[in-house]
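Input: a single structure, listed below in structure tokens.
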Amino acid sequence: MSFVEVENVSKSFGDNVVLRNVTLEVAEHEVVCLIGASGSGKSTLLRCINLLEPIDEGRIVVDGDLITNGKVDANAIRREIGIVFQAFNLFPHMTVLQNVTLAPRRVRNLRRGEAEASARELLRRIGLEDKAAEYPDRLSGGQQQRVAIVRALAMQPKLMLLDEITSALDPQLVSEVLNLVRELADFGMTMIIATHEMSFAREVASKVCFLDGGVILEEGDAKDIFSAPSEPRTREFLARIIEAGRL
Amino acid sequence: MHALHRVLQAFVSPQSFRLALPDVWAGFQVNIKMMFLAEALVLVLALGVAIIRGLPGRSAAPLRGAAIVYTDLFRGTPLILVAFLVGFGLPGLQLRVISTQTTFVYGVAALTLVYTAYVTEVYRAGIESVHPSQRSAARSLGLSYFQALRYVVVPQAVRRVIPPLLNDFIGLQKDTALITVIGVAEAAQQAQNFSNTYYNFTSYVVAAVFFIFLTIPLARFTDHLIAVRERKERAAAI
Ligand SMILES: Nc1ncnc2c1ncn2[C@@H]1O[C@H](COP(=O)(O)OP(=O)(O)O)[C@@H](O)[C@H]1O
Ligand SMILES: [Mg+2]
């Protein structure tokens, strides 16, 4: 049985059908990359898996639990699933340490000392221990995004969703963030990653899904999709990406 | 010369100034008490009403509606009428607790009712100015709706609305003088008593001076906060 099962999920915003019958399976410890043009529905799919958006049809099962029947405690589901956004979304009025310890303290009810000790340990591992007392606006984009990843990790999630987490970064800051994600993958974290970084996707993903107009048009091994895409739309998309110098 | 002398004598006569000072000062302390009490209540209650107005979902519709009706009513009604309604109306009801308060309490209640409605709108603007992605980020970590409000949205909102909030409080400070109409022995009332007794208006000037000295520091502080914010925003825009 898969760790994440997305079955025939559809989602509209008003008349705009954003996801159509999307079906996706992710095994435990697997890394799946979502690629596709902007507006194809990648973010919406991730937000639905995290219950930040309600779905209209279909079902989503995570770790054996059906999470989309409306009866579950959405807060309980969300604390098991980490999501990191393109725009970091750190809390600007809190220090790095407070950002990382907020949820462990308020949701997991850890004592402050305990939460801070593990937060510092996580920060140390990404080389940002000395930034613990800084506010986010004093950090570079790459540092902020790594803090955002650590903030999600502090809840010890079973699943991480990464939504174009390097798209807002200057090119020279991308690699420090991707290195961290690579480590997570090596560590066995189950992840669904929306990304435009095709070489990165080829390297870490066991499966790549190409979304087009809210449909998973093509999915398969990273090397198959990138070297021999079967759908013309996929070929077109990849050609454009190559033109932009990202593959 | 004669006319000028009469004007000076009527409005800023030194003897009258000295004579009126103790009573007006005693009255002014009542204004300050009303002001602090009303401000403390307004700060808390307005946040509550603002949060109620923002509650999501259909089941919260009646609450939201009540909050809207409240703010509309009390922003629309002149304070002096609210003071009459509370200060004269409630005692007339002859209810147990509600009808047996002092005029001071009714005054604070009238100020609180009116200014809570104003400050609710200030808070609401602040809460809405916090980008929805902040709430998403908080919820995605497992925080509940109210935890996200408490730890993430409201602290940012409050920081942003401090200047307009202080502006409303400047209004509140001055409006404590209106409570004279229900018979609270505050500064304006004391000034009026003096003036009626001595046929001299210097006492009103004394009261005005007190209010001005109370307001200027707050006004300057508010300006300062706004200037700091603008400087920061300009720096961020570069
Ligand atoms: N909250 C929302 N309200 C209305 N429309 C939305 C919302 N979020 C996304 N959309 C629409 O859904 C479509 C897919 O968006 P998104 O999932 O963000 O795509 P991607 O992440 O692949 O760029 C777009 O047409 C977008 O305008
Ligand atoms: Mg997106």
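The value of relative contact order for the stretch B:115-191, using C-alpha pairs under 8 Å at least six residues apart, is 34 percent. Taken one residue at a time, the phi angles of the stretch B:92-99 give Karplus couplings (6.51, -1.76, 1.60, θ = phi - 60°) of x, 6, 6, 8, 5, 7, 4, 9 Hz. Gly and Pro are set to x. Out of every Cα-Cα pair that the protein assembly as shown contains, those further apart than 44 angstrom amount to 35 percent. The alpha carbons of the stretch B:100-238 occupy a box of 69, 45, 15 Å along the principal axes, longest dimension given first.
Between the helical axis of A:141-153 and the longest alpha-carbon principal axis of chain A there is an angle of about 90 degrees. When the convex hull of its Cα atoms is viewed from all sides, the stretch B:68-145 shows a mean projected area of 7.3 nm².
In square nanometres and to one decimal, what's the mean projected area of the convex hull around the Cα atoms of chain B? Taking the Cα atoms of chain B, their convex hull projects to 18.5 nm² on average.
Less than 5 angstrom separates the built amide H of A:Val31 from those of A:Met191, A:Ser206, A:Lys207, all sequence-distant by 5 or more or on a different chain.
Rounded, prolate or oblate for chain A? Axes are the square roots of the Cα gyration tensor eigenvalues, ordered a ≥ b ≥ c, and the cut-off for rounded is a/c under 1.5. Oblate shape, in that a/c is at least 1.5 and b/c is the bigger or equal ratio.
A Cα-only calculation for the stretch B:4-127 places Rg and Dmax at 19.8, 69 Å. Take the convex hull of the alpha carbons in the stretch A:167-210; its mean projected area over all directions comes to 3.2 nm². For A:Leu159, the residues whose amide H sits under 5 Å from its own are A:Gly82, ignoring neighbours fewer than 5 places away on the same chain, with H placed 1.01 Å from N.
For the stretch A:130-194, the fraction of C-alpha pairs farther apart than 18 angstrom is 36 percent. The string of couplings for the stretch A:51-56 from the Karplus curve (6.51, -1.76, 1.60, θ = phi - 60°) is 6, 6, 10, x, 8, 8 Hz, one whole number per residue in order, with x for Gly and Pro.
Among the GluC sites (Glu not before Pro) in the stretch A:1-81, those located in a DSSP loop and surrounded by at most 14 other Cβ atoms within 10 Å of their own Cβ are A:Glu28. Here the Karplus curve 6.51 cos²θ - 1.76 cosθ + 1.60, taken at θ = phi - 60°, turns the phi angles of the stretch A:125-137 into couplings of 5, 9, x, 10, 4, 6, 9, 3, 8, 7, 8, x, 5 Hz, with x standing for Gly and Pro. Pairs exceeding 29 Å between alpha-carbon atoms, taken from A:Lys71/A:Lys207; A:Lys158/B:Lys232; A:Lys42/A:Lys158; A:Lys131/A:Lys207; A:Lys71/A:Lys131; A:Lys131/A:Lys158: A:Lys71/A:Lys207; A:Lys158/B:Lys232; A:Lys131/A:Lys207; A:Lys71/A:Lys131. For the stretch B:13-90 versus the stretch A:120-157, the inter-centroid distance based on Cα atoms is 44 Å.
Each reported figure results from applying straightforward, stated rules to the coordinates on display, with no laboratory input. Because the structure is a prediction, the values reported are computed rather than measured. Because the Cβ atoms are built from the backbone with ideal geometry, glycine has one as well, and the counts that use them run over all protein chains shown.
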